Every structure is written in structure tokens, then in C-alpha cells.
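Asker: Below is a structure I'd like to ask you about.
The values are calculated or read from the model by the stated rules, or taken from the named source; none is laboratory data. What you see is a predicted model; the values in this text were computed from it and never measured. As a convention, Cβ positions derive from the backbone with ideal geometry for all residues, glycine included, and neighbour counts pool all protein chains shown. With ligands, DNA and RNA removed, areas are computed over all heavy atoms of the protein, side chains included. Shrake-Rupley method; radii C 1.70, N 1.55, O 1.52, S 1.80 Å.
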Amino acid sequence: MKKIILFVSVLLFFFTSIANAHGPVRQKAEEKITIDAPAAKVWDLIKNYGDMSWHPSIMSTTVKGDNTKGAVRVLTLKDGGTITEELKKYDEAKMSYAYKITEMSSSKTITHAGAEEKVPALPVNDYAASIELADKGGKTEVTWKAGYYRAYMNNNPPEEMNEEAANTAVKAVLETGLINLKKLAEK
């Protein structure tokens, strides 16, 4: 009987520990926009993986490779930060591609829980995204999806690197990009 009570106690402790010791949860963002222009015209603006001139937050882009899996682009942001991304999938026929952030510069350093922490240019970790176009009878629906974690992977994140900061920043990237793409395509 004592062994059973001990076993149940250990199990309860184990499950309680798991429930209380969770880290960050994978976040998702999705933005869509309908553009009053044919899909081929919109695709011409974004199809070159090495050209992000359509996004207003990007000052310049350098690329190694072309529109093939493994191509790497480095985005220089208007604020001077850099983000390195790798092309994971490219489909000309479906007018879509997917990519992943592999490296980022930091925007600043903060002190949190007694340690110096570098805040990345985009406050996320393990960020992957895709962008795809759909022809809607002379109009184009553009969908940009992203999955990511907050930048601070330990418990009790600072406000600069928590889920809210990550979600706000990613939403801003997707929205401003799509709004500007619409403006450019509808000229």
C-alpha cells in the first residue's frame, strides 16, 4: 500500500511540474489583402526572392542564389538592423514561396533578471513564413502567414521580447508590406 501511495504522489508531482513549467507557445499570424490587379502583375512585384523593394521597412536586400531552395537573402532595415532569411520553398506555378529567418542583428541590449539580453531586430525566435497569391477573377488575394516564438525563450520574458511584442511586430511587418504591395500593384 505504501508503494502505491508513493507512486501516485510521484506521478502527481511529475504532472504538476509539467503543467507549471511551460515555456513559450508557438504564435501564428496571418494577414490577407485583396488587390485590384491581376495575379500576374502582383506576382511580378514579389516573385524575385532577392528583391524586397516592395516592402517599405526594407532599405536594401542582398541575395546569394536565385529563386531556388537554399537561396539566402539579407534584408537591411530602414533602422539599420539586418535579418537573414533562407528560401525553403518556391513555386512559380502556384505563385508562392516560403522562407525562414536564420539570423538577426540586435536592436538594443537590455538588462533582465540580472543579465544583459540582446533584443533582436524582430522580437521573434524560430520564425518561418509563406506568401501566396490567388487569382480572384482579375483581382488578387495575397495571403502572408508566419509561425514563430517570442524572442525570449525562458520563462518570465521582458516586455521587449514577450508574446505581445512578437505579435505586434510580426503583424506590423505583414500589414505594412501588404498595404504597400496593394498600393504598388494598383498604380
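Asker: For residue 43, state whether it is touching a helix residue (DSSP H, G or I) at 6+ places or on another chain (Cβ under 6 Å), open to solvent by less than 30 Å² (accessible area, probe 1.4 Å), more than 30 Å from residue 155 (Cα to Cα) and modelled with pLDDT of 95 or more. Walk me through it before giving the result.
Answerer: Details: touching a helix residue (DSSP H, G or I) at 6+ places or on another chain (Cβ under 6 Å): no; open to solvent by less than 30 Å² (accessible area, probe 1.4 Å): yes; more than 30 Å from residue 155 (Cα to Cα): yes; modelled with pLDDT of 95 or more: yes.
It is false that residue 43 is touching a helix residue (DSSP H, G or I) at 6+ places or on another chain (Cβ under 6 Å), open to solvent by less than 30 Å² (accessible area, probe 1.4 Å), more than 30 Å from residue 155 (Cα to Cα) and modelled with pLDDT of 95 or more.
Asker: Considering region 127-150 alone, what residues qualify as being open to solvent by less than 20 Å² (accessible area, probe 1.4 Å) and over 13 Å from residue 32 (Cα atoms)? Walk me through how you get there before you give the answer.
Answerer: Residues of region 127-150 that are open to solvent by less than 20 Å² (accessible area, probe 1.4 Å), as a first pass: 127, 129, 131, 133, 140, 142-144, 146-148, 150.
Selection gives 127, 129, 147, 148, 150.
Asker: Is it the case that some residue within region 22-45 is under 27 Å from residue 161 (Cα atoms), touching a residue at least 60 places away in the same chain (Cβ under 8 Å) and acidic (Asp, Glu)?
Answerer: yes
Asker: Going by the conditions given, is residue 29 modelled with pLDDT of 95 or more, out of contact with any Cys (no Cβ under 8 Å at 6 or more places or on another chain) and in a loop (DSSP other than H, G, I, E, B)?
Answerer: Values: modelled with pLDDT of 95 or more: yes; out of contact with any Cys (no Cβ under 8 Å at 6 or more places or on another chain): yes; in a loop (DSSP other than H, G, I, E, B): no.
When the stated conditions are applied, residue 29 does not pass them.
Asker: So, in region 127-171, of the ones that are free of Cβ contacts under 8 Å to residues at least 40 places away in the same chain and part of a helix (DSSP H, G or I), which residue ends up farthest from residue 116 (Cα to Cα)?
Answerer: 168
Asker: Still on this model: Within region 154-187, track down each residue that is of a type in the set (Gly, Ala, Ser) and either open to solvent by 40 Å² or more (accessible area, probe 1.4 Å) or within 14 Å of residue 41 (Cα to Cα) (or both). Step through it out loud before you land on a result.
Answerer: At the first step, the residues of region 154-187 found to be of a type in the set (Gly, Ala, Ser) are 165-166, 169, 172, 177, 185.
Matches in region 154-187: 172, 185.
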